[in-house]
Amino acid sequence: MITLTPNASLTELKSLIHQENLKAERVEVILSNLLALTDENNAAFNIPFDDVTVTIQTAISLLKC
């Protein structure tokens, strides 16, 4: 969630928007990974390495909160 102050600079606003975009991308990766687990036709599933990395980083950041 973005919290703005009345005197926020353009740089601060850009930074906040960037942070929120990163969060949205991480959520998308986690949800995509969960959908990859539902393949009933295969005994295994494939998740790109970068997506696994993002998922682990997100889980760690959530645990730190």
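Quick note: the coordinates plus some simple rules give every number you see, no bench work behind them. Quick caveat, the model's predicted, so the values are computed rather than measured. With ideal geometry, Cβ positions are generated from the backbone for all residues, glycine too; neighbour counts draw on all protein chains shown.
Things to note:
- In segment 37-65, the qualifying residues are those that are surrounded by 11 or more Cβ atoms within 10 Å (Cβ to Cβ) and more than 21 Å from L22 (Cα to Cα), and the one that is farthest from the chain's Cα centre (by Cα) is D39.
- In segment 4-26, residue farthest from D50 (Cα to Cα) [restricted to those that are over 18 Å from the mean Cα position of the chain (by Cα) and surrounded by 12 or more Cβ atoms within 10 Å (Cβ to Cβ)]: A8
- Flag for A43 being among the small types (G, A, S) and assigned to a loop (DSSP other than H, G, I, E, B): yes
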